[in-house]
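So the structure is just underneath, and the comments pick up after that.
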């Protein structure tokens, strides 16, 4: 059995109602757990990702009025929490070094919760507007994962999948470099990209990407 724990610092892009926002992600925690049949090519793989991001912006607009112009200052705060869970079954196609590959078929769940507040100031008066929204989607996907071993210590892990369901399209890709530090642990540095084209009421499109640093434990 393999267990992988990784931390990620991604960039998040959310599109809703024709508007897009790039947000610096505060933290993303990724946990993967996979189990392979001891005497066969079958495997089961699960993954859980928790994402917590926030952003704020202040804009000043000058409205020309007679006899003098009026400055309107708007400050917006956005907090967004996300949860991604996926479970897949797989079959090993290639198991001999240097190339290993597993085919995957599974389902992915995405849930987003957002809170926004806007403060408007003009002529000494302040007004605040708040709102919240949430939604979730289920999708099926097919994919492949594996590694290419350069030598007994260094390897190139990869992962890719694509699917649809309640989303019009969802896909992700990951690649990196891993170091076999001991029989029971590998250290990996990679880059991940995930995207959903939802086209629904709570969000149109969402993607996040960024570097990952993780470890794979075996027992």
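Quick notes on this one:
- Distance (nanometres) between label positions extended 7 Å along Cα→Cβ at residue 48 and residue 215: 1.9 nm
- Among 196, 184, 154, 171, sorting on how many other beta-carbon atoms sit within 10 Å of each Cβ, with the fewest leading, yields 184, 154, 171, 196.
- Look at where the Cα atoms of the range 57-84 and of the range 128-186 average out, and the two centres are 37 Å apart.
- Scaling the Cα radius of gyration of the range 46-95 by the globular reference 2.2 N^0.38 Å produces a ratio of 2.49.
- FRET efficiency, 1/(1 + (r/R0)^6) with R0 30 Å, evaluated for residue 134 and residue 105 via beta carbons: 0.60
- Over every Cα atom in the range 71-194, the radius of gyration and the widest Cα-Cα span, Dmax, amount to 22.1, 73 Å.
- Taking label positions 7 Å along the Cα-Cβ direction at both residue 68 and residue 93, the computed distance is 7.2 nm, reported to one decimal.
Any read-out appearing in this document is the output of simple, stated calculations on the displayed coordinates, not a laboratory observation. Predicted model only: the values in this text are computed from it and were never measured. We place every Cβ from the backbone using ideal geometry, glycine too, and count neighbours over all the protein chains shown.
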